Amino acid sequence: MTIRHRALLAAACLISGMAAAQERPSIGFNRWQEDWSVLADPRLRTEPFDSLKYIPLGEDGYLSFGLNLRERYEANDAPKFGTSGSRDQHYLLQRAQIHADLRPDQHWQVFVQLEDDVQAGKKPVTPVDENPVNVRQGFVTYNTDLAGGEFKLRLGRQEMAFDLQRFVSVRDGPNVRQAYDAAWTNWTNEDWRLIGFWSRPVQYRDTQPFDDISNSHLRYGGLRVERKDVGPGELSLYWSRYDLDGAKFLDAVGNERRDNFDIRYAGKASGFDWDVEEMTQTGHVGTSSILAWAVGSRSGYTLASTPWTPRLGLQADAASGDGKPKDGHLGTFNPLFPNGYYVTLSGYTGYTNFIHLKPSITVTPDKSVTLLASTGLLWRETTADAVYVQPNIPIAHTAGHGDMWTGFYEQLRVDWAVTRNVATALEAVHFQVGESVRAAGGHDSDYLGVEIRFGW
């Protein structure tokens, strides 16, 4: 073999190795984070409609289209434990999304996503159940290198979430996800991430297409710092401001001006994993001052060498209630924009005035299948405040009545990633109420949710 032949062979092997190292992106939770520029290599265009996943523009730009479809059947025999008079509901929820992702060069991104949400059989219908076709997201992003890191500025309607989405989420559980008309900026290097944002959370209306709005009556923004490699984990701190005009709580009415101070530490080491977060809230609602708090923890240990790699988990949460009504001080915690997935999809438990312990076991019989079984035990933090359901809705006739015990639930969840594009899930919850809820007219409740998701 001549020197020239060897050089050509080495070059061919290098090119082949580079192509093998590139992979098609997975269908992500945030579709705007997917990078389809890898399809510039024709050898990776192996799926139907790849001509629409990557449309080249100029030297390094491209346009990509995609869609999501989620169908979910839910059976809920007692929303709010039957205290609202609504019982035994069976209904279908459908969420359809289509998006276009334009990247004219390495600095700019224009992302537009439309969403149409419909329901069949649910009563009453709320703003998170149904929403005719509207702009879910529509933003422009500019990114560039700056001071040894990457700087990003994003303007427009967008989704955002922090950590496990205990308090700031995209609200993926209900049919209508939460978006924010916002200005977002962040700077990131190998160890640090600095974030600043200000938004008007979108308010959803289901009267006609393209009628969703945001306005100055609800505002949310803040500053956040994240640091990697703090011991075996990651540390984050942030301050945020929540302003709502005309807020209503059991013990306070008026304009809500709430400052939120949050610290979180999460990591993994020697089979253990943990995610611990604490939030303190100050400010005022009308003439009542605010002092509220919440803490959440998810931890576990994975038996990596055991068949099905079981993970033994423990979730522990608590959030304050208002311990002394009519004293000019409000202790009721506001969970802001919580994620229903964090407790269960049933909606039986709000992140307000509660203490929650949830041991669980998760097994993986196959790399595409995950099974979770858990039991949740619930108390009130104070009997002076109500029992709450998601997100922070009080159950009538519970504030100031009964004892601390709220009840317990049993949860079973199965997730199956059928293909790269199709996933299914099943979740079943049985909640046995305590005497405080039963005395308010509530009863034991059952929830079943079955869904299938398709992404392209």
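The values are calculated or read from the model by the stated rules, or taken from the named source; none is laboratory data. As the structure is a computational prediction, the values presented were derived from the model and not from experiment. Methodologically, a virtual Cβ is constructed for each residue, glycine included, from the backbone with ideal geometry; neighbour enumeration extends over all protein chains shown.
Would you say Val429 is β-branched (Val, Ile, Thr), outside any strand (DSSP E or B) and either in contact with a Phe, Trp or Tyr (Cβ under 9 Å, 6 or more places away or on another chain) or surrounded by fewer than 20 Cβ atoms within 10 Å (Cβ to Cβ) (or both)?
In short, no.
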Can you tell me which residue within region 151-180, out of those that are out of contact with any Ser or Thr (no Cβ under 6 Å at 6 or more places or on another chain) and part of a strand (DSSP E or B), is surrounded by the fewest Cβ atoms within 10 Å (Cβ to Cβ)? Leu155
Consider region 387-418. How many of its residues are in a loop (DSSP other than H, G, I, E, B) and surrounded by 19 or more Cβ atoms within 10 Å (Cβ to Cβ)? 8
Checking the condition hydrophobic (A, V, I, L, M, F, W, C) and at positive phi, which residue from Phe210, Phe261, Phe249, Phe272 passes? Phe210
Examine region 23-32 for a residue that is among the charged types (D, E, K, R), modelled with pLDDT of 95 or more and either in contact with a Gly (Cβ under 8 Å, 6 or more places away or on another chain) or not in a strand (DSSP E or B) (or both), and state whether such a residue exists. yes
Only one of these is acidic (Asp, Glu) and in a loop (DSSP other than H, G, I, E, B): Asp129, Asp116. Name it. Asp129
How many residues are surrounded by fewer than 17 Cβ atoms within 10 Å (Cβ to Cβ) and either over 24 Å from the mean Cα position of the chain (by Cα) or under 18 Å from Thr332 (Cα atoms) (or both) when one looks only at region 257-279? 6
For region 181-204, what are the residues that are part of a loop (DSSP other than H, G, I, E, B) and either within 20 Å of the chain's Cα centre (by Cα) or closer than 18 Å to Val140 by Cβ (or both)? Val202, Tyr204
Restricting the search to region 326-378, which residues are in contact with an Asp or Glu (Cβ under 6 Å, 6 or more places away or on another chain) and over 25 Å from Leu250 (Cβ atoms)? Leu345, Thr370, Thr375
Could you tell me which of the residues Gly231, Gly254, Gly246, Gly148 is small (Gly, Ala, Ser), surrounded by fewer than 19 Cβ atoms within 10 Å (Cβ to Cβ), without any contact (Cβ under 8 Å) to a residue 60 or more places away in the chain and within 21 Å of Asp275 (Cα to Cα)? Gly231
Within region 365-376, can you find the residues that are buried (at least 16 other Cβ atoms within 10 Å of the Cβ) and either closer than 17 Å to Ala423 by Cβ or at pLDDT below 95 (or both)? Thr370, Leu371, Leu372
Considering (1) within 20 Å of Pro338 (Cβ to Cβ); (2) surrounded by fewer than 16 Cβ atoms within 10 Å (Cβ to Cβ); (3) in contact with a His (Cβ under 8 Å, 6 or more places away or on another chain); (4) not small (Gly, Ala, Ser), say which one Arg241 fails and leave the rest. (3)
Please work out which one of (1) closer than 28 Å to Phe162 by Cα; (2) among the charged types (D, E, K, R); (3) touching a residue at least 12 places away in the same chain (Cβ under 8 Å) is the condition Lys367 fails and give its number. (3)
For Ser199: the one exception among (1) buried (at least 17 other Cβ atoms within 10 Å of the Cβ); (2) among the polar types (S, T, N, Q); (3) in contact (Cβ under 8 Å) with a residue 40 or more places away in the chain: (3)
In region 306-334, residue nearest to the chain's Cα centre (by Cα) [restricted to those that are buried (at least 22 other Cβ atoms within 10 Å of the Cβ) and assigned to a loop (DSSP other than H, G, I, E, B)]: Asn334
